[in-house]
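One structure below.
The values are calculated or read from the model by the stated rules, or taken from the named source; none is laboratory data. These figures come from a predicted structure and were not determined experimentally. Cβ placement follows ideal geometry from the backbone for every residue including glycine, while neighbour counts extend to all protein chains displayed.
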Amino acid sequence: MAHFTARAPANIAFTKYWGCRDERLTLPFHDTISMNLSACVTETTVEHLATGDEIAIVGPGGDTIALSEGGRRQIAAHLDFLAERAREAGTLRGERPRFRVTSRNSMPAGAGIASSASGFAALTIAAAAAFDLRPDARTASVWARRSGSGSAARSIPDGFVRWHAGSAGDGSDSFAESLFPPDHWDLADIVAIVETAPKRTPSREGHRLAPSSPHFRHRLSLVPERNDRVARALWHRDLELLGSVLEEEALSLHEIAETSATPVRYRSAATHAVLQEVRVLRRSGAAAWFTLDAGPNVHVISEGRDCEKVAAALTALGAVRSLMINHVSAGAHLLGEA
Ligand code: PMV
C-alpha cells in the first residue's frame, strides 16, 4: 500500500495564542510570532487501509501513547476536512479512504511542548500527499490551522514565523508565513523538562476559558506592541529586546489561565524553581530568558556561547528531569512517499 511520511517541528511562541475568536475555524484574536524547533519534532506516516482508520502515537522511547477519544476524533475530523479539499480539487471522488496514521514524537506528548502543533502540521502534509494534493505553504498553514490546533499553522513555514490573525469571515487570510529563515539567527531554546505527564486541561479548554478572565481585554490591547517588539528584535538579532517580550507574554498567558472562570494552573513548584534559576543566570551575565506554554516545562531562550553555561546550570537543578536543546528549524515537509 502507498504510504507518505512528513516531518514537522514543534514551535515555541514568542507572543502567545491564547483565546479563540472563532472556535470552529480556529481563528485567533491577534497575530503571534514563533520559532520552529529542531529537536522537538513529529514524523507522521499515512498509509491507505482497506477498512477503518488506525491511529497510533508513539513517544520518544518507542512506547505507544494512549490517545483520548477526543484526540482520535480530532484526527479523523482533520482527515475528513482534507478529503473535502481533495474533492474540491478533483483528486478524490466519493468516500474518503481509510488510513493507518503513525505519528512519532521526539518529545513527551501533552506536556506543553506543542506536540499537537508538530503532529497536526505533519499530518496535514502527509495526508494531503495521500490525497494527491500539494498545497503551497500558505494553503498548508491554513489547513493545519483548521485541525483545531491553531499553532500547527506556525509549524508549516521555515524558521521564525508570524501567524496572521486575518480578518476574512471564512478564515482564508489567517495563515502563517516565514519572517526569517532558520540561519538568520542562531538562537537556542533549551527546554527544561520538569514533568512528562499529559496536562490535565487541554489547550482547547484554555482557549475557551481565556475571554472569561477579567484581564483578557487588557491583554489584547498589549499584544500588538509586543508583536512589533518581537519583529524588531528578530530583525536586529537583539536578545535582550526579545527576552523582555518573552517573559511578559509567558506571565500574561498564565495570568489569564489562572484567573479564568475556571482557573487553570499549569505551573508547578518545579516550574518556579527553573524561572528563578533563569533570573539568577541573567544576573550573572548569561543571556537567558524564559517562556512557557500551557504546561509546567520551561523554555529557556539563549544564544551562542551562553548556551552551554545555561544548559549546565539547568541540568544541576534538582527540579529538572532532562533538557531538550533546540536550534531554529525548517518547517514541515514531505520526507518521502512509496
Ligand atoms: O494550538 P493550540 O490550540 O495547541 O494552542 C497553543 C497554545 C500555546 O501553546 C499555549 C500558545 C502558542 O501560541 O503556541
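Are any of the residues in region 253-275 acidic (Asp, Glu), surrounded by 18 or more Cβ atoms within 10 Å (Cβ to Cβ), closer than 24 Å to Asn11 by Cβ and touching a residue at least 40 places away in the same chain (Cβ under 8 Å)? No; the residues of region 253-275 include none that is acidic (Asp, Glu), surrounded by 18 or more Cβ atoms within 10 Å (Cβ to Cβ), closer than 24 Å to Asn11 by Cβ and touching a residue at least 40 places away in the same chain (Cβ under 8 Å).
Would it be correct to say that Gly159 is in contact (Cβ under 8 Å) with a residue 12 or more places away in the chain and touching a His at 6+ places or on another chain (Cβ under 8 Å)? Yes, satisfied. Close Cβ contacts (under 7 Å, 6 or more residues apart or on different chains) running from residues in region 110-129 that are farther than 18 Å from Asp158 by Cβ and at pLDDT below 95 to residues that are surrounded by 24 or more Cβ atoms within 10 Å (Cβ to Cβ) and acidic (Asp, Glu) comprise Gly112/Asp293.
Residue count for region 188-197, restricted to those that are surrounded by fewer than 17 Cβ atoms within 10 Å (Cβ to Cβ) and within 15 Å of the ligand (Cβ to nearest atom): 0. Within region 149-187, if we keep just the residues that are crowded, with 23+ Cβ neighbours inside 10 Å, small (Gly, Ala, Ser) and outside any helix (DSSP H, G or I), the residue that is farthest from the ligand (Cβ to nearest atom) turns out to be Ser174. Every condition in (1) in a helix (DSSP H, G or I); (2) more than 23 Å from Leu335 (Cα to Cα) holds for His30 except the one numbered (1).
Identify, please: which residue in region 1-20 is among the β-branched types (Val, Ile, Thr) and part of a strand (DSSP E or B) and is, among those, farthest from the ligand (Cβ to nearest atom)?
For region 1-20, the residue satisfying everything is Thr5.
Of all residues in region 48-92, those that are within 30 Å of Ser322 (Cα to Cα) and exposed (fewer than 12 other Cβ atoms within 10 Å of the Cβ) total 8. Taking the criterion of being in contact with a Lys or Arg (Cβ under 7 Å, 6 or more places away or on another chain) and polar (S, T, N, Q), no residue of region 315-333 qualifies. For region 289-338, the set of residues classified as farther than 30 Å from Ile125 by Cα, surrounded by 16 or more Cβ atoms within 10 Å (Cβ to Cβ) and either touching a residue at least 40 places away in the same chain (Cβ under 8 Å) or in contact with a strand residue (DSSP E or B) (Cβ under 6 Å, 6 or more places away or on another chain) (or both) consists of Trp289, Phe290, Ser302, Glu303, Cys307, Val310, Ala311, Leu314, Ala319, Val320, listed by residue number. For region 183-190, the criterion of being in contact (Cβ under 8 Å) with a residue 60 or more places away in the chain and more than 20 Å from Leu239 (Cβ to Cβ) is met by none of the residues.
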